[in-house]
Amino acid sequence: MSSIYLGDGVGKACERVSISNQTGYTWLNQWNKYGYEGLIPHFNGGRPSKLTKEQLEQLKEKLKSKGDWMTSEVRALIKKEFDITYSNRQVSRILRSFKMHYAKPHPHDYRRPENAKEILEDSLKKAVNEIHEKCVIGFLDQAAPQTTDNKQRFWSFDKPKITKNTTKYRANTFGFYPINGKDVVEFMARSTARYVCEFLRIISEKNNGKHILLILDNARAHIAKRTESFAKSIGITMVFLPAYSPDLNSIEQIWKSIRRKISQTFIKSQWSFRETIRATFHHLAKKSSFAQGWLNKFQPILSNLL
C-alpha cells in the first residue's frame, strides 16, 4: 500500500513485492473497505459452516438414531430439517468430523441370532469347565477356492487386464487356524464326516496329541455323531458356532485372502493351484491378527487354557 501512496500503479506495486495483480487488487479493496484491519490475515479454518454448532449436534443425534446412511439420504435429511443444501463432498466432510465410517456393510444373514456372541460365550464357558489343562485353541473350516475367483482390484487408465490360465481348477480345502498351535491345511475328496474325522486326526498328530479346543460351524459333517465321537476319543473338544455366524470364525479372513491371492497369480496346473493355496495358508496362519478381534471378545473366558 505504501508503494501506491508513493505513486505506483497496482501493477507496479505488485511487481515490487512479488505478488499477483489479483492479490494486489484484493488487498486494495480490503484497505479501502476496512483500512489496516482489512489486511490482517484471519486463520479461522476456512468458510464457516452453514449449520450452527447446535444444528450439527442435532444432526449427529438424528444420524445415530438410524445407524447406516447413504450420502444422498443425509443430504435430504439436512435439506428437510434445516433447509440447507450441501454437496456430497460437503456432507462427507461433516460425517467424517462426526467420526463416522464410510465402508461397505458387513453382510449378516437374517437367520443369524441377535445374541450370537452371547451364545458362543456360553458354549465356550461350558467347554472350558470341562478342560483342566493348557490346550491348543483354533478354528476349523472348509472352503473350495477356484481359479475363477476374482477378488483383486487394480488402478488403471484403461480397463485392467491380467494374463491367466482360464482352465478351471477347484480344490476342496480343509484348514485349521490355531491361536497357539500348529496350523494345518489339507485337500480332501469330499466334506463328509469320514473326511472331517481324517482331518481331525491330522490336526491332533501335528499338535503332538495335545488337547484341542476347536471352534467350528455346525455343518452336517461337523455335528455328525461319528465326528463328535471320534473328536472326543482323540482329545478334541468341539465348540459349535451359532448358526449363520461366519464372522465369529476367524479362519474366514484367511480364505478371503487366499482367494485374493489366487486372482492375481498365474496358475499353470492343478498342482500349482494347490501349492499356491497351501503356501498362502501356512504364511497367513502364522499371523495372529486374523484372530485379534475374536480374542478381544473371548480371551477372558479362555485365559486359563492359553
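Short-range pairs are left out: with C-alpha atoms under 8 Å and at least six residues apart, the relative contact order of the chain is 19 percent.
One decimal place: the segment residue 201-residue 66 gains 43.8 nm when fully extended, by the rule 0.36 nm per residue minus the C-alpha distance. Listing 211, 108, 222 from fewest to most neighbouring C-beta atoms within 10 Å gives 108, 211, 222.
Counting every C-alpha pair in segment 153-306, the share spaced more than 20 angstrom apart comes to 57%. A crude spin-label estimate for the pair residue 295 and residue 73, with each label 7 Å from Cα along the Cβ direction, gives 3.6 nm. Give me the base-10 log of I(q)/I(0) for the chain at each q in 0.11 Å⁻¹, Debye formula, one uniform scatterer per Cα, rounded to two decimals. Taking Cα atoms of the chain as identical point scatterers yields -0.85. Along segment 224-233 the Karplus relation, 6.51 cos²θ - 1.76 cosθ + 1.60 evaluated at θ = phi - 60°, assigns HN-Hα couplings of 4, 4, 4, 5, 5, 5, 5, 4, 4, 5 Hz to successive residues, with x for each Gly and Pro. Charges were assigned to the Cβ only: +1 to each Lys and Arg, -1 to each Asp and Glu. The resulting dipole of segment 117-302 about its Cα centre is roughly 760 debye. Each residue of segment 135-140 is assigned a 3J(HN,Hα), and the resulting list reads 8, 8, 10, x, 10, 10 Hz, derived from the Karplus form 6.51 cos²θ - 1.76 cosθ + 1.60 (θ = phi - 60°), x at Gly and Pro.
All of the numbers you see were taken from the coordinates with simple rules; none came from a lab. Note that the coordinates shown come from a computational prediction; the quantities given were computed from them, not determined experimentally. Cβ: placed from backbone, ideal geometry, glycine included. Neighbour counts: every protein chain shown.
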